[in-house]
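Since every read-out is calculated from the coordinates, none of them should be taken as a lab result. Quantities reported herein were computed from a predicted structural model and do not represent experimental measurements. In this analysis, Cβ positions are derived from the backbone assuming ideal geometry, glycine residues included, and neighbour counts consider all displayed protein chains.
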Amino acid sequence: MALLKNLDDLETNGKKGDWAFLKDDTWIAIRYGESVFKGMVIIPIADKEKSNWSWNGNKEAPTLTPSILVESVPDWNEGWHGWLRNGILETA
């Protein structure tokens, strides 16, 4: 599991468990599945009005709290529930 350069890098070279920071580190994109489009979530992490998550500020080993829930939508995404803790994606 690794930090990738940007969203394009994450989409092209990323694998399950990888992440990239976006928009001056105010958002994080996380690959939670095998599919680029059906297995990725983008979460706001810096704007307290838009985000329900707290980030530990560590780009190399990020931790988000609380857990991440991506509801499954047929033909749109895979759905997933778990955590990003110390840079490791953990499925609930």
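Answer yes or no as to whether residue 20 is in contact with a Gly (Cβ under 8 Å, 6 or more places away or on another chain), in a strand (DSSP E or B) and either among the hydroxyl-bearing types (Ser, Thr, Tyr) or at negative phi (or both).
yes
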Residues of segment 59-90 being outside any loop (DSSP other than H, G, I, E, B) and without any contact (Cβ under 8 Å) to a residue 24 or more places away in the chain, which ones? 65, 69, 81, 83, 85, 90
